[in-house]
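The values are calculated or read from the model by the stated rules, or taken from the named source; none is laboratory data. This structure is a prediction, so every number in the text was calculated from the model and none was measured. Note: ideal-geometry Cβ built from the backbone for every residue, glycine included; neighbour counts use all protein chains shown. Heavy atoms of the whole protein, side chains included, go into the accessibility calculation; ligands, DNA and RNA do not. Shrake-Rupley method; radii C 1.70, N 1.55, O 1.52, S 1.80 Å.
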Amino acid sequence: MPTVTVNGVSVEVPDGINVVKAAEMAGQEIPHYCYHPALSVAGNCRMCLIDIRAMSAKQPNPLPKLQIGCNTIVADGMVVETNNPRVEEARRGVLEFLLINHPIDCPICDQAGECKLQEYYMDYGRHHSRFALEQKRHKHKVVEVGPDIMLDQERCILCTRCVRFLEEVTGTNELCVKERGDHSELSLASGKSVDNPYATNIVDLCPVGALTSREFRFQARVWYLDSVPSVCTGCATGCNVDVHFRRDSLYRIKPRANAAVNGYWMCDEGRRTWRANHGDHRLVASYDRRGEEFVQVDATEAVSRSAALLQACGKVAVVASASVSLEEGYLLGCIAHNLGSGPCTVLSPPTSDIADDGKLISTDRYPNRAGLLALGYRESGALPADVDGVLVARCDAVAADESAWGPRLEAMRATVVVDDRISKTMAYADAVLAIASHFEAPATLVNRKGRLQVLGAAVATPGAAIAGWQSLAELLEALGGPRYESVDEVFSACCAELGLGVARTHEELGSTGATLDQWAASPTNVALSSAASATVA
Amino acid sequence: MQEKVLLRYRDLTADLEAIDNYIADGGYRTARRAFTELAPEKIVEMVKESNLRGRGGAGFPTGLKWTFLAKNTGKPIYLLCNADESEPGTFKDREIIENDPHQLLEGMMIAARAIGCVNAYIYIRGEFVYGAEVLKHAIAEAYEKGFLGKDVFGSGRELHFHVHRGAGAYVCGEETGLIESIEGKRAHPRIKPPFPAVYGVFGCPTIVNNVETLACVRHIVERGPAWFKAIGPASSPGPKLYGVSGHVRNPGVFELPMGTSLREIIEVHAGGMRAGRTLKAVIPGGSSVPVLRADEIDIAMDFDSVAKAGSMLGSAGIIVMDDSTDMVAALRRVAHFYHHESCGQCTPCREGTGWLEKILIALDEGRAGEEDLQTLDNVAKGMLGTTICVLSDAAAMPVRSFLKKFSEEFRAAAARAVGAASA
């Protein structure tokens, strides 16, 4: 492995990487616009100019011209300076060039606060304008380039990240640069619209405010938003995401890089999943059926009522959708065990009319099938014949097939429904437990490739709903099971059950997760396990 | 030089455009030898030995360039003849193409044999409609004679020439822009490395040589490197075409030994200044190179000597300006050209070329002051060496040199604005 020295910091780096990455490994930032690790090198923004003081151990001579870090591959003994006066002057010059024809309309720009022009200007520019305002070149500002994307040609710095993404990743080629010199503008290829399943990634790729999301436009100033690392629940792929929110409102979902799962991207469908978290369809309180009436009850009463109903049955089936988290799935399994019923059932069909696209989109529209199967769930489309009670978790079986499910549920001695949203199945319920959505409580999921990943809690549960693990833990306790005080206790027990070690926590799993195999092989959290054994002692 | 080599057509009455006349004058003997007698390595060796330096402008040693070709890649090797001749003030290659096309074809055949090329392209600028027709006709004649095709000179070797017309962009003359253009794309110069010799047209090892360079190859192989090296300075030798335009009595293309003095070229060959006029400035190598003042023309016109004098031999397109020239207006025109021709890929060039022109328009129209002169120089400085290709440098170098060499004229223009503002 070659050793490279960046600004006096030597670091051993993998073969074949470029100097921008090597500098990053040395803790040195090389600012850049057009370079993106998942796209081909364009080398056009010229922001990553660096001074190569020694090309390699074999060629220890400095290069006469500044080079671009993105297109310079490391060599052993390479010495690079990124902050000397020569580089600083060139970089300041590039920034000034980028800004002369830029509208500098930050006050009305959605990118403000997460704009690389703003950031690098503050870090590396801070020059006074020498370009007269009336000389700025004007271009179109509100160009609808797709159903979800708006283009402002004036703000565009022509880095071509979007063009390359649409050429190299989606292969759809909707955007191009036309005209020449400072007339150049980002433009739709004739007859096209940026309308593909991954289109909004170009909004994330855009380092400035040229491409904005029509959904997010003018909705919030980004500096008012908080974010939490999480996982997309739109399908079985489990793309890593950051969920952006303010107080109790979600605003957007952006992909978070994870080479083992989604690279740098996510699909637009997944981005829209947050919308379902708001609205009248959410279940905000628990209910108990009194005759024909549903009566709102508090969570504790709903749990004890549910326990009593289920215990009164001869044989109970536990059915769940593959949206149920690993913790919830584990607790449901314990509940089934305590009730003496057979293995739990996953009802969700493993395929849908959306096909696997060979990229990120999975035909399995549920995020935790692999987790539930690991816990011993069976896949089936129907209830066992001999049951007289049913516990339904995050699953609207009736909506899927009312003629099959309606009469069966009608005939049950008890139907208990646990969900975060109002469902048709609830019409047949004797008790309903309101729980958090996957944006509201921490949990883990296992994606289609067997990767265990953590869902982050962004916003509070609405109304009287409580976390799914909590609701089910209380139900388990009411049925004579052990008591769980935290989600990590449930997770730890679940890990032990799955042979993944004991005393493990979400924090230990980290934001990029691990495959079940890796996780089983990794050392467990020593501090916590010793604390746990101390408690036992 | 007594004997004309590259412009031999001028000494003959027979029309060299016709292949039989060219053959009768000794043409294609050397190409035949190259295909039937000489080993390719021998040809490369001769060209290296001759110290031939690229006539397109950069002056890179041609033989050395050939040795950079990636070996044993399993891919075809391409030879591209750069006949884009787009540098303002340059019209020498046109002279060869239109009057002695077979000389170019023969040089290309020899070069193609040397580097192992089977398909070669001549990329000719779109405006050279006549030149393209001449070349197509000449190529057809060569095919008819069996000099091109599946069995070149009966050697069993294959060689094909194709003429590709450009569409009029300056940047197509940049070798990687030219490659992109041949591939049917916008001529956005490529980032280097990889260089064309490793990854060129269609992703294959490629050599791009200028028309005059390839014409020289014929004569080097025909007469030997020693003959070539004896003409002009040994480090940058050979016969050279100088194109003189502007305020001279006898503008045109002149074949002279490399290293002929700039003064001799202007005063003797180009006929000197018009009556009653004196020399003010000379751009020695096409519009992109630094300008020289009238007192700086006692220099030898070869790559190294002109560089030592602070300019470049470039394409040897000599633009002469007499005392009637308004240097601000002249520079404004040059800046307009580069603004118009920037491909728009790299930030400094895309934004800088327009900015330079805007300041120069303001200066020319009496709206720019002393501070703007500093900005002008500083903007140009920021465009040097910061981009993928040298179009940015080509735009910046004249600006900086005009400002330096004719500072009093630019200050006077700036003062005009200050006066206007205070009035």
Counting only heavy atoms of the protein chains, get the accessible area per residue of chain A (1.4 Å probe) and round it to a whole Å² value.
41
To check you understand DSSP bridge types, tell me what percent of the beta bridges within the protein assembly as shown (both residues inside) are antiparallel, rounded to 5.
60
At most 12 other C-beta atoms within 10 Å and a DSSP loop state: those are the exposed GluC sites (Glu not before Pro) I care about. Give me the longest piece of chain A that has none.
A:293-484
So, relative contact order of chain B in percent, Cα under 8 Å, 6 or more apart, is 16
Beta bridges by DSSP in chain B, antiparallel share as percent, to the nearest 5
40
Within straight-line cross-link reach of B:Lys192, lysines at Cα separation under 17 Å, skipping those fewer than 8 residues along the same chain
A:Lys65, B:Lys65
By its C-alpha gyration tensor, with a ≥ b ≥ c as the square roots of the eigenvalues, how is the protein assembly as shown shaped: rounded for a/c under 1.5, else prolate for a/b larger than b/c, else oblate?
prolate
What does DSSP give for chain A in terms of the percent of beta bridges that are antiparallel, rounded to the nearest 5?
70
Enumerate the residues in region B:203-230 having an amide nitrogen under 16 Å from the point lying 7 Å beyond the Cα of B:Lys145 toward its Cβ.
B:215, B:218-219, B:222
With respect to the cross-link table entries B:Lys75/B:Lys185; A:Lys192/B:Lys185; A:Lys254/A:Lys449; A:Lys139/B:Lys381; A:Lys136/B:Lys280, which display a Cα-Cα separation exceeding 24 Å?
A:Lys139/B:Lys381; A:Lys136/B:Lys280
Name the residues of region B:345-387 whose accessible area falls by at least 20 Å² when all protein chains are present instead of the chain alone, probe 1.4 Å?
B:Gln345, B:Thr347, B:Pro348, B:Arg350, B:Glu351, B:Trp355, B:Lys358, B:Thr375, B:Asn378, B:Lys381, B:Gly385, B:Thr386
Whole-number percent relative contact order across region A:362-495, with pairs defined as alpha carbons under 8 Å at least 6 apart
19
Using Cα-Cα distances under 8 Å and only pairs 6 or more residues apart, what relative contact order does region A:342-432 have, in percent?
24
Filtering chymotrypsin sites (Phe, Trp or Tyr not before Pro) in region A:207-257 by DSSP loop and by at most 14 other Cβ atoms within 10 Å leaves A:Phe218
Please give the per residue accessible area of region B:311-423, computed with a probe of 1.4 Å over protein heavy atoms only, in Å².
34
The answer for the longest stretch of chain B without any exposed trypsin sites (Lys or Arg not before Pro) (DSSP loop, at most 13 further Cβ atoms within 10 Å) is B:275-423
Round to a whole number: what % of the accessible area of chain A belongs to carbon and sulfur, probe 1.4 Å?
52
Distance between the C-alpha centers of region B:295-318 and region A:179-209? Whole Å please.
46
Using a cut-off of 27 Å between alpha-carbon atoms, which lysines can reach A:Lys424, once sequence neighbours fewer than 8 places away in the same chain are excluded?
A:Lys315
Compute the separation of the alpha-carbon centres of region A:450-491 and region B:189-257 and state it in Å as a whole number.
78
Between region A:239-284 and region B:25-72, the Cα center-to-center distance that results, in Å
63
Probe 1.4 Å, protein heavy atoms only: B and A together bury a total accessible area in Å², to the nearest 100, of 2600
How much solvent-accessible surface does B:Asp304 expose, in Å² to the nearest 10, with a 1.4 Å probe and all protein chains in place?
60
Leaving out same-chain residues fewer than 8 places away, which lysines sit with a Cα under 20 Å from that of B:Lys136?
B:Lys92, B:Lys145, B:Lys150
Sorted by accessible area (1.4 Å probe), largest first, how do B:Met273, A:Met55, A:Met47, B:Met312 line up?
B:Met312, A:Met55, B:Met273, A:Met47
Using a Förster radius of 41 Å, what is the FRET efficiency between A:Asn61 and B:Asn378 based on their Cβ-Cβ separation? Nearest 0.05, please.
0.90
If I model a spin label at A:Val284 and B:Arg293 as a point 7 Å from the Cα along the Cα→Cβ vector, what separation in nanometres do I get?
8.4
Would you work out if region A:153-243 is rounded, prolate or oblate? Take a ≥ b ≥ c from the square roots of the eigenvalues of the alpha-carbon gyration tensor; rounded if a/c is under 1.5, else prolate when a/b is larger than b/c, oblate otherwise.
oblate
Given axes a ≥ b ≥ c from the Cα gyration tensor, I'd like to know whether chain A is rounded (a/c under 1.5), prolate (a/b larger than b/c) or oblate.
prolate
